[in-house]
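Student: I'd like to ask some things about the structure below.
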Amino acid sequence: MSPTAPAEAPGELARIREVLAIRPFRRLWLVLGISSLGDWMGLLAVSTFAASEVSGTVAKGLAFGGVMAVRLLPALLLGPVAGVVADRFDRRLVLVLCDLTRFVLFASIPTVGLLVAAPAVVVGWATFATFLIEAVGMVWSPAKEAAVPNLVPAGRLETANQLSLATSFGITPVLGGLLIAGLDGLVVLFGSAIPSWLHASDIALYFNAATFLANALVVWYAIREISGRNGHPQSAGALRTLLDGWSYVGHTRLVRGLTVGILVAFCGAGAVIGTAMFYARSLGGANATFELLFGALFAGFAVGIASGPVLVHDLSRRRWFGVSIALTGYSVALLAPAPHLAVALPVCFAAGAGAGMALLCGMTLLGGEVGDEVRGRVFAFVQTGARVVLLASIFVSSVLVGIGGSHWVRLGDVAFSVSTARVILLAVGIAMATAGALTLRQIDDRAGVPLLADLRAALRGRKR
């Protein structure tokens, strides 16, 4: 090495460089980034487009909310079937067909708006197209997740998942929002040069459609390795394939423990989301407090994904998974007695960090432990279950907190207000911490080694 050579990069940066040096994964990561950007832009642009087609606050609210709500239906109706498609057919072909379909559907939304004068028809088509787009996305996602372990060495799967999750939940949401805002600004700035019938949401949707066309071309021509099993379909019927996948989840101890842990984490996240607005009021704040809490949760999630592996070093990933869920649970429970925002913000950050680490660790373990022949169905089962649990938790917690409200409780001469939001957070946090302990007991691979001593050694960078 020459005297002027740069110092060796930290271990984590070196691992990231190693993963990105794998050309098929690097190209798939690029495709994932473009798809995630398209998804976030589509979520914002389609809803804004639908609301812009009608007048009146009630109609706009219904159009906006209707398009948002319909994105959730495919998970209930088509989620399990998506895994069968991912496992039975050439994954490269599945990804390409999904992206081409989304290209056509996204481009059709503003096109119908330009050709049809009836707002009801335009909003109706936008809603139906959104449903189809989300259904196609339910197939695309498990096919992509199932393909990643075939592109990177087993020892680098965690780093690959770090990059994927950080891109999907850290970079592209912010970039999508900035692009939408930038398009709005350009329309205002160059309004005279842009046709009056072309809105910022139209431009965003056409741009979004183009991203999926670009993805299809990249996957088809540049990532031939993604086919996995070279496209040989299974001989069993689709129903048998689906039932075998579910049976695998139920009867494989590690996969069952990981699945339950991930679903519990999403249940807790749903409870936090469902109670957040009422909880913000119990802190004496309003919308600004609500947004700060969500910002802390989102920032913690990103930091957990990015720095978790560096923090725990060589700690058993099974143990890390259980500890992450327990950390999330304890943090959610500690939100309940938080007296003001200054205390709630760091606790909320810790809850997000725990959830981010649990998701990263769970997805890595699933990708590394589940065989290729059933991996697509397992990922589809987990992703579908997570979405359903999240929605159910948001709905139930928001209804309960709305009904319960706040009540004054008197103990002797002392009277104080008890918020239902705080009671729910305490109960959910305790349940999550308990679930983390039970999950760890089920999947622990270092029986006989004290957990706290193992954790302290890992945090210090030592091996036990």
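Read-outs: derived from the displayed coordinates by stated rules, not from any lab. Bear in mind that the values here come from a model prediction, so they are computed numbers and not experimental data. Glycine gets a Cβ as well: all are built from the backbone with ideal geometry, and neighbour counts include every protein chain shown.
Student: Distance in nm between label sites at Asp445 and Val399, each 7 Å beyond Cα in the beta-carbon direction?
Tutor: Placing both labels 7 Å along Cα→Cβ, they lie 4.1 nm apart.
Student: Order of His313, His340 from fewest to most other C-beta atoms within 10 Å?
Tutor: Result, fewest neighbours first: His340, His313.
Student: Binning every alpha carbon pair distance of the stretch 272-358 at 5 Å from zero, what are the percents per bin?
Tutor: Result returned by the calculation: 3, 16, 25, 23, 14, 9, 6, 3, 0.
Student: For Ala437 paired with Leu132, estimate the spin-label separation in nm (one decimal), with each label point 7 Å from Cα along the Cα-to-Cβ line.
Tutor: Computed distance between label sites Ala437 and Leu132 equals 5.2 nm.
Student: Given the stretch 245-459, report the % of alpha carbon pairs whose separation exceeds 30 Å. Could the numbers behind the result be given before it?
Tutor: On the way: 5935 of 23005 pairs.
Looking at the stretch 245-459, the distances longer than 30 Å represent 26 percent of pairs.
Student: Right, something else. Can you sort Asp445, Asp314 from fewest to most other Cβ atoms within 10 Å of each residue's own Cβ?
Tutor: Least to most surrounded, the residues fall as Asp445, Asp314.
Student: Placing +1 at every Lys and Arg Cβ and -1 at every Asp and Glu Cβ, with all other atoms neutral, what dipole size does the stretch 267-402 have around its Cα centre, in debye to the nearest 20?
Tutor: It comes to approximately 140 debye.
Student: Can you grab the distance from the C-alpha centre of the stretch 428-453 to the C-alpha centre of the stretch 362-387, Å, no decimals?
Tutor: Rounded to whole Å, the Cα centres lie 21 Å apart.
Student: Full extension from Val121 to Ser307: what is 0.36 nm times the residue separation minus their Cα-Cα distance, to one decimal in nm?
Tutor: Stretched fully, the Val121-Ser307 segment lengthens by 62.2 nm.
Student: Tell me, in nm to one decimal, what length is gained between Val343 and Leu217 on full extension, where the rule is 0.36 nm per residue of separation less the Cα-Cα distance?
Tutor: Using 0.36 nm per residue and subtracting the Cα-Cα distance, I get 40.4 nm.
Student: 7 Å from Cα along Cα→Cβ at both Ser247 and Arg224: what's the point-to-point distance in nm?
Tutor: 3.7 nm
Student: May I ask you to sort Ser331, Ser164 by Cβ crowding, counting other Cβ atoms within 10 Å and putting the fewest first? Display every interim value, and only then the final one.
Tutor: On the way: Ser331 27, Ser164 22.
In increasing order of surrounding Cβ atoms, one gets Ser164, Ser331.
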